[in-house]
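The values are calculated or read from the model by the stated rules, or taken from the named source; none is laboratory data. Small disclaimer: the values here were computed from a predicted structure and weren't measured. Note that we place each Cβ from the backbone using ideal geometry, even for glycine, and neighbour counts take in every protein chain shown. In case anyone asks, the SASA skips ligands and DNA or RNA and just uses the protein heavy atoms, side chains included. Shrake-Rupley method; radii C 1.70, N 1.55, O 1.52, S 1.80 Å.
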Amino acid sequence: MIVETLAPGVHAIDAPFEDVPLQIYVVEGTRLTVIDPGVPETAAGRLVEGLRELGHRLADVELLVNTHGHHDHRGGNGVVAEHNPGVAIAAHPADVAWITDTERYVAEEYLRFRPAWEPPAEAVDRIRRLCGADLPVTVELAHGDEIDLGGGHVLSVEHIPAHTDGSVALLHRAAKVLFTGDALQARGTPLQRRADFFPNYRHVEEYRRSLDFFAGCGAEIVGTAHTGVCTAHRAAQLVAESRRFADEYAVVIEAALAKAGSATVAELSRATREHYPRYDDGSPLLNTMCAYLTELCAAGAARLDGDRLIWLGTGS
């Protein structure tokens, strides 16, 4: 059995791929709905198996909701659409370009840090493969929308533009179940055969706001993408750990830049490695680092001069 029932008609499917933990969520409304079908292999494998346990087929899926545009959340869209060409795909408009255009996604998420960091060609090819088919988003979600799936299942949309600009969380108020996508980062994603993924967000204040929402939304069960299904108590622990990391990393980045006086992003990444040896350099770390550097610049504590950050001091 790979299906865990969270509430009547609300289920989680355990669907790891490679060395990455992953949960896919299914809501059995009048419209059978899948939240984040993963990558092509999870949609063709574990999703099929989980739906079979529930008495369904891929062809029965009428709505796919992508909580954001990363490959491991939208990559399974094409597999489902092969079995039901009329399936609707819902996402926030800020991430639509990534869901519908793999090359733009790769450029904006994985190649934007060149020459400070450039992923190996084989890693980029892997990402392209995991994106699956580029399909149109047919339902654009907005903050505050209510997605009525029928049968008493309604998902409230919370726009939380931190992990990506178009990230959303979905709250099933009747069942008191929250689906966070990748928005609850804690200390990143533990992997089995590689260095862990660094906590990944692009906007610090939006990340803090999302944590406040998670803490106060009243959910009793929290379904994350990569940290499994959590009780309210465990989710509260993850929120607290996320806040601790956000505060801690702000101090680390500020201290590194103050000590250097002037540094590139690559130099700052190397300077902070001693604090975070379990992670590799890569887009998650660099996304988050740049979010904090943007905050320092906005506060007048630093400025950008070409490719170098110049420390001005917190009294500026």
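For ALA236, state whether it is of a type outside the set (D, E, K, R), surrounded by fewer than 18 Cβ atoms within 10 Å (Cβ to Cβ) and closer than 24 Å to GLY181 by Cβ. It would help to see each step written out before you state the result.
Working: of a type outside the set (D, E, K, R): yes; surrounded by fewer than 18 Cβ atoms within 10 Å (Cβ to Cβ): yes; closer than 24 Å to GLY181 by Cβ: yes.
Here the answer is yes, as ALA236 does meet what is asked.
Out of the range 286-303, which residues are farther than 23 Å from HIS163 by Cα and open to solvent by 80 Å² or more (accessible area, probe 1.4 Å)? Steps first, please.
Our first condition is that a residue be farther than 23 Å from HIS163 by Cα; within the range 286-303, this holds for 300-303.
Within the range 286-303, just ARG303 meets the criteria.
Somewhere in the range 167-176, is a residue touching a strand residue (DSSP E or B) at 6+ places or on another chain (Cβ under 8 Å), within 22 Å of TYR276 (Cα to Cα) and at pLDDT 95 or above?
To start, the set of residues in the range 167-176 that are touching a strand residue (DSSP E or B) at 6+ places or on another chain (Cβ under 8 Å) comprises 167-176.
Narrowing further to those that are within 22 Å of TYR276 (Cα to Cα): none.
Checked against the condition, which is being touching a strand residue (DSSP E or B) at 6+ places or on another chain (Cβ under 8 Å), within 22 Å of TYR276 (Cα to Cα) and at pLDDT 95 or above, the range 167-176 yields no hits at all.
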### Query
Which residue pairs have Cβ atoms under 9 Å apart, sit 6 or more places apart or on different chains, and have a first residue in the range 234-252 that is under 23 Å from GLU267 (Cβ atoms) and a second that is open to solvent by 80 Å² or more (accessible area, probe 1.4 Å) and of a type outside the set (Val, Ile, Thr)?
GLU248/HIS275; TYR249/HIS275; VAL252/HIS275
#### Entry: Tally of residues being out of contact with any Pro (no Cβ under 8 Å at 6 or more places or on another chain) and either modelled with pLDDT of 95 or more or open to solvent by less than 30 Å² (accessible area, probe 1.4 Å) (or both) across the range 263-285
10
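Report yes if ALA88 is of a type in the set (Gly, Ala, Ser) and touching a strand residue (DSSP E or B) at 6+ places or on another chain (Cβ under 7 Å), otherwise no. Quick ask: steps written out before the conclusion?
Details: of a type in the set (Gly, Ala, Ser): yes; touching a strand residue (DSSP E or B) at 6+ places or on another chain (Cβ under 7 Å): yes.
So ALA88 fits the description; yes.
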### Query
Taking only pairs six or more apart or across chains, which ones have beta-carbon atoms under 6 Å, a first residue in the range 142-153 that is within 12 Å of GLU28 (Cα to Cα), and a second residue that is part of a strand (DSSP E or B)?
ASP148/VAL154; LEU149/VAL27; LEU149/THR33; HIS153/VAL27
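Just for the range 28-52: of the residues that are of a type in the set (Val, Ile, Thr) and out of contact with any Phe, Trp or Tyr (no Cβ under 9 Å at 6 or more places or on another chain), which one is most open to solvent (accessible area, probe 1.4 Å)? Outline the logic, then answer.
Looking only at the range 28-52, we keep the residues that are of a type in the set (Val, Ile, Thr), and these are 30, 33-35, 39, 42, 48.
Then drop every residue that is not out of contact with any Phe, Trp or Tyr (no Cβ under 9 Å at 6 or more places or on another chain), which leaves 30, 48.
Working: THR30: 106, VAL48: 40 Å².
Step by step, filter the range 28-52, then rank; the result is THR30.
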## Note on the structure
Note on the range 126-141: residues open to solvent by 40 Å² or more (accessible area, probe 1.4 Å) and either outside any loop (DSSP other than H, G, I, E, B) or free of Cβ contacts under 8 Å to residues at least 24 places away in the same chain (or both) are ARG126, ARG128, ARG129, VAL139, GLU140
### Message
Can you go through HIS71, HIS83, HIS143 and tell me which one is in contact with an Asp or Glu (Cβ under 7 Å, 6 or more places away or on another chain), at pLDDT 95 or above and of a type outside the set (Lys, Arg)?
### Response
HIS143
## Note on the structure
When the range 57-74 is checked residue by residue, the ones that are farther than 18 Å from ASP165 by Cα and either open to solvent by less than 10 Å² (accessible area, probe 1.4 Å) or touching a helix residue (DSSP H, G or I) at 6+ places or on another chain (Cβ under 9 Å) (or both) are ARG57, LEU58, ALA59, ASP60, VAL61, LEU63, LEU64
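Could you say which residue among ILE147, ILE160 is crowded, with 19+ Cβ neighbours inside 10 Å, under 16 Å from the mean Cα position of the chain (by Cα) and closer than 21 Å to PRO37 by Cβ?
On the way: ILE147 fails: under 16 Å from the mean Cα position of the chain (by Cα).
Unique residue meeting the criteria: ILE160.
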### Query
In the range 256-275, is there at least one residue being under 23 Å from LEU191 (Cβ atoms), assigned to a loop (DSSP other than H, G, I, E, B) and either among the β-branched types (Val, Ile, Thr) or touching a residue at least 60 places away in the same chain (Cβ under 8 Å) (or both)?
yes
#### Entry: Filter result for GLU267 (more than 21 Å from the chain's Cα centre (by Cα), among the acidic types (Asp, Glu) and farther than 19 Å from TYR201 by Cα)
yes
### Task
Considering only residues that are part of a loop (DSSP other than H, G, I, E, B) and touching a Pro at 6+ places or on another chain (Cβ under 9 Å), look in the range 173-189 and name the one that is most open to solvent (accessible area, probe 1.4 Å).
ARG187
